[in-house]
1. Thr304 passes all but one of (1) within 27 Å of Leu369 (Cβ to Cβ); (2) buried (at least 20 other Cβ atoms within 10 Å of the Cβ); (3) in contact with a helix residue (DSSP H, G or I) (Cβ under 8 Å, 6 or more places away or on another chain); which number fails?
2. Restricting attention to segment 356-372, does a residue exist that is aliphatic (A, V, I, L, M) and over 22 Å from the mean Cα position of the chain (by Cα)?
3. Quick one: which residue in Leu254, Leu214 is among the hydrophobic types (A, V, I, L, M, F, W, C), assigned to a helix (DSSP H, G or I) and within 19 Å of the chain's Cα centre (by Cα)?
4. Going through segment 310-337 one residue at a time, which ones are surrounded by 15 or more Cβ atoms within 10 Å (Cβ to Cβ), part of a helix (DSSP H, G or I) and aliphatic (A, V, I, L, M)?
5. Which residues, taken from segment 213-242, are touching a residue at least 12 places away in the same chain (Cβ under 8 Å) and within 30 Å of Ala6 (Cβ to Cβ)?
6. What number goes with the only condition from (1) out of contact with any Gly (no Cβ under 9 Å at 6 or more places or on another chain); (2) surrounded by 13 or more Cβ atoms within 10 Å (Cβ to Cβ) that Thr255 does not pass?
7. Which members of segment 272-285 meet the condition of being of a type in the set (Ser, Thr, Tyr) and under 14 Å from Gly130 (Cα atoms)?
8. Starting from segment 281-304, take each residue that is within 19 Å of Asp252 (Cα to Cα) and list its partners that are in a loop (DSSP other than H, G, I, E, B) and of a type in the set (S, T, N, Q), counting only C-beta distances under 8 angstrom and pairs at least six apart or across chains.
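The values are calculated or read from the model by the stated rules, or taken from the named source; none is laboratory data. Since the model is a prediction, treat every value here as computed from it, not as a measurement. When we count neighbours, we look across all protein chains shown, and the Cβ atoms used for this are built from the backbone with ideal geometry, even at glycine.
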Amino acid sequence: MARNFAYRAKDRNGQVLTGSILAENEHAVALHVREKGYFITQLKEEGSTSAIRSFIDNLQRISLKEISIFCRLFSTMIDAGLPLVSCLNVLIEQTDNPRMKKALQDVYKKVKEGETLSRSLGDHPRIFPGLMINMVEAGEVGGVLDDVLGRLANHFEKEHKMNEKIKSALTYPAVVSAMAVLSVVFILTFVLPTFVQMFDNMKMELPLLTRILLAISAFLRNYAPFLLIAVIAGVYGFKIAYQREDTQKYIDALTLKIPIVGMLSRKVGIARFSRTLSTLLHGGVSIITALEVVQKTIGNLSMTKALEQAQSGIKEGMGLATTLAQSKVFTPMVIQMVSIGEESGALDKMLEKIADFYENDVDDVISRLSSIIEPVIIGVLGVVIGLIVISIMIPLFDVITNFSNV
């Protein structure tokens with residue numbers, strides 16, 4: 001069954017082509033675009049089934065760790081003097097991921113038929129990142145493919161480590177918060193109601209706190225299925241709305257303004273921007289093409305739009321530092337260091353220093369947040385459970401007092 005795909009592609013001169021096409025799969029789209037002399041840099045399925053397919057793709061996504069291992073092995077074999085097709089054959093045998101293995105088999109076939117490695121990889125944009133395709137192309141032209149693949153391996157390893165640190169920092173608080181919410185819901189839904197009948201039989205006038213908690217308990221018991229449906233619908237609706245560019249831009253801009261979250265998001269974005277742009281420039285990719293690739297990796301639409309403006313400014317003859325300063329998104333330190341890098345002719349090295357600084361800064365922020373969030377969550381949970389216990393104990397003390405007076 002044919003599906004509708006929106007694509008973005010470019011030729012060897014950096015000329016961009018965008019459009020949409022009906023095709024059976026991603027491979028068919030890539031073949032169609034290649035016939036025009038372009039290779040795909042971005043591919044997205046449109047239509048009602050795209051969300052389901054996107055979910056399935058996410059489950060089968062090739063991890064940064066797998067990509068970094070692939071690049072490291074590839075670089076080592078090329079450096080050792082193995083022919084390209086022999087390297088690909090070894091990588092096919094070494095790869096456990098079925099999607100990656102299938103893609104590599106296709107790449108192997110095309111390279112053996114005389115196609116370039118970059119174009120063969122470009123036919124599988126959902127497997128191999130645009131950064132990798134552009135870098136490999138530059139490595140082929142410059143005859144330094146082993147060096148380029150080594151730098152790509154380093155890049156993806158550092159990106160993977162930063163992502164893992166962020167995930168680990170967020171996972172523990174998320175799990176503790178979820179357990180806290182479930183514990184409170186369990187107490188309100190199953191424990192607290194056991195006291196209701198006793199209080200009713202005694203015709204007691206309950207304190208305000210107890211009445212409020214009993215009302216919450218009754219609401220949860222009566223409307224739990226509807227609440228669950230509402231939460232699921234809300235999450236799904238948010239995901240659908242977030243796919244719209246205007247909604248995504250508004251949310252991403254708002255995220256940057258949230259005190260702690262915005263600071264962390266900005267630093268992560270700057271680290272990704274600096275590391276990716278440094279890798280591309282060192283590999284010989286033009287700054288116009290490099291900025292286009294970076295836009296897909298930065299992870300925040302507000303910052304992406306700033307890079308689009310920077311790309312346009314550079315085409316008009318402006319410097320990168322000048323265009324970044326106009327966006328008001330990047331910090332003064334970044335702009336100053338980029339300016340120094342441009343003046344000294346060592347922009348790639350300066351960007352690498354920026355990336356190292358912000359990656360270390362992100363590590364420090366995450367460590368501090370982790371040490372703060374844990375006691376805050378435990379403290380809030382203790383207060384909530386304490387209020388529930390007090391709401392039960394006050395009427396019980398009244399009962400005991402009444403019995404003592406009898």
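1. (3)
2. The answer is yes; a qualifying residue exists.
3. Residue meeting the stated conditions: Leu254.
4. Listed by number, the residues that qualify are Ala310, Ile314, Leu320, Ala321, Leu324, Ala325, Val334, Ile335, Met337.
5. Of everything in segment 213-242, those that are touching a residue at least 12 places away in the same chain (Cβ under 8 Å) and within 30 Å of Ala6 (Cβ to Cβ) turn out to be Lys239, Ile240.
6. (1) is the only condition that Thr255 fails.
7. Matches in segment 272-285: Thr276, Thr279.
8. Thr304/Gln295
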